[in-house]
Structure formats: structure tokens, C-alpha cells
Amino acid sequence: MTQRDEGDETRGRATAWLLVALVFAVVSPVTAALSRSATDLWFTFLVVTQAVATGLAFGIPQWRQLVASRREATAEEREIDVRVETRVAMNDALDPVLRLLGQLALEDDPVLRDQRRAQAIPLVLLTAAEFIGPERARACWFRLEAGPPMTLEPDSAAGRAGSPTTTFVAGTPAGDAAIGLVLADEDLLCVDLEAAPPPGWDQAKDRDYRCFISVSVIAGDTAYGMLTLDAVEPDSLDAEDKALLRLMAGVLAVALSIP
């Protein structure tokens, strides 16, 4: 059910309860008028009916207002819970990466520093695949090689099974688009490859995903490569996922730039 359908259903229920309250509001004075000329059991019945109708005419709106207030409180509580869960997840995701950055920055031994730098790539990929996007997302790393010709080489991946196989070569439509994105420190969100493929995209090649995000990994004037995240279903990645992937790309750029 869409949000619009849910809104229509909610408004329909509210209208129905309003009509019920209105009916009881009308019944109350009618029974009061009839009871003036009634006797015995009929009088008792009308008096009871009037009391019940008056109570319901007053109580239904109050009850609806109470329910609405509780729903608002519940929605606020859910929003707070989501925020807390997001912060905890981000803390869990970034803590090992930031610890590695600290160790890398303080390492004096060049051999151990190179080893820690090499650990940064799979750690960032694993973190991106687990904490960004839907289930079974896949994060991939493309390494920029100066050439000539300049290329983006598929290096490694984490998450859903499968590895990147496309090499982006300068001088081709797809290669120029991807390498240009990296050199310009830009990003790209493609929500549906079939409906809106990016420039230079080879639609003849079979792929196991329908949407993806690509972000540049660059520090200052030095470009290192491209970080991507793809998902099986269309429209399952959004701008928030892109912002998080850019954050991970920035962390990776720092790790690769530490001398």
C-alpha cells in the first residue's frame, strides 16, 4: 500500500467516525424531545438512549483525539529509535576504519604501513556493503592507472557474490565518463539501468544489478580510483546512500594518501 493509499484510508476512517458522532449528537436532542410526552418504559428507554447518545457524541471525538495523540507519540518514539539505531550502526561501521587510520598514521615501519594501507581497501568495501543500501548490496573498488591509456581497473569487491569485470579505458565512451567522474571528484547515482542508463553505458552486457552509485576516491589533486555500490533491485539506492558512500570514499582516500 502506498503512502497516498494509507492517507486516503486514514481520512476515510476519520470521516466515518465523525459521521457516527454526528448521528449521536442528533439523536440526543431528538430523544430528549420525545421523552417529554412519553410514559413508563418508553420514557425510561428514551432517557437511557439520550444519555448514551450524549455520552457517545461527546466521547467519540475525545477518543479519536486521544488515539491521534498516542499515534503521534508512537511515531516520534519510532523516529527517535531509528535515529539511535542509525547512530549506533554508523559508530559500529566507522570505528574499525578510523582505528585503522590512526594506526596507519602512527606507524613508523614502512613495511607495516604498507600492510595497513592495503587493509584499508577491503575494510572500507566490507563496511560499505554491510551498512549502506539494501541487503545483498555489493561494494567494488576500481584502481586508477595512469597508463597510457589511463584506465580504471577492477580490483576487489565485498558483499553480494561476484566481482567487477569491467575495465574502463580512456578514449571509449564509458571509460571517458567513468575516468572523468574520478578526476573531477564527482559522483553518480543511477536508480534504474534499464530505464535511465548513464552516458556511454554498454546496455548489451549482462549485469546482475539494476542500480548503482559511483563516487570518486581522491585526495587533493591525487586521484586513486572509484568506489561503487550496486544493488539487485531498481530504486533501492538513494541520495542518502550516495552521501554515505562518499563518506567511505573520503576515508579510503585519507588512508591511501598517508605517506
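The values are calculated or read from the model by the stated rules, or taken from the named source; none is laboratory data. Nothing here was measured: the structure is a model prediction, and the numbers come from that model. A quick note on method: Cβ atoms are made from the backbone with ideal geometry, for glycine too, and the neighbour counts reach across all protein chains shown.
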Mind counting the residues in segment 237-246 that are assigned to a helix (DSSP H, G or I) and surrounded by 16 or more Cβ atoms within 10 Å (Cβ to Cβ)?
5
Somewhere in segment 146-163, is a residue farther than 28 Å from residue 116 by Cβ, in a loop (DSSP other than H, G, I, E, B) and of a type in the set (A, V, I, L, M)?
no
Selected residue (criterion: farthest from residue 207 (Cα to Cα)) from residues of segment 222-236 that are among the hydroxyl-bearing types (Ser, Thr, Tyr) and part of a strand (DSSP E or B):
222
Of the residues 229, 245, 256, 188, which is touching a Phe, Trp or Tyr at 6+ places or on another chain (Cβ under 6 Å) and modelled with pLDDT of 90 or more?
256
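Please pick out the residue among 239, 223 that is among the small types (Gly, Ala, Ser), in the same structural domain as residue 175 (by TED's automatic domain parsing) and closer than 17 Å to residue 152 by Cα. Walk me through it before giving the result.
Working: 239 fails: closer than 17 Å to residue 152 by Cα.
Sole residue among the options that is among the small types (Gly, Ala, Ser), in the same structural domain as residue 175 (by TED's automatic domain parsing) and closer than 17 Å to residue 152 by Cα: 223.
The rows are residues; the columns are (1) loosely packed, with under 12 Cβ neighbours inside 10 Å; (2) in contact with a Cys (Cβ under 7 Å, 6 or more places away or on another chain); (3) at pLDDT below 90.
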site	(1), (2), (3)
113	no, no, yes
129	no, no, no
137	no, no, no
141	no, no, no
148	yes, no, no
155	no, no, no
165	yes, no, yes
Out of 230, 202, sole residue that is acidic (Asp, Glu) and either surrounded by fewer than 24 Cβ atoms within 10 Å (Cβ to Cβ) or farther than 24 Å from residue 162 by Cβ (or both):
202
All positions within segment 214-240 that are touching a residue at least 40 places away in the same chain (Cβ under 8 Å), farther than 17 Å from residue 185 by Cα and of a type outside the set (Val, Ile, Thr)
230, 231, 233, 234, 235, 236, 237, 238
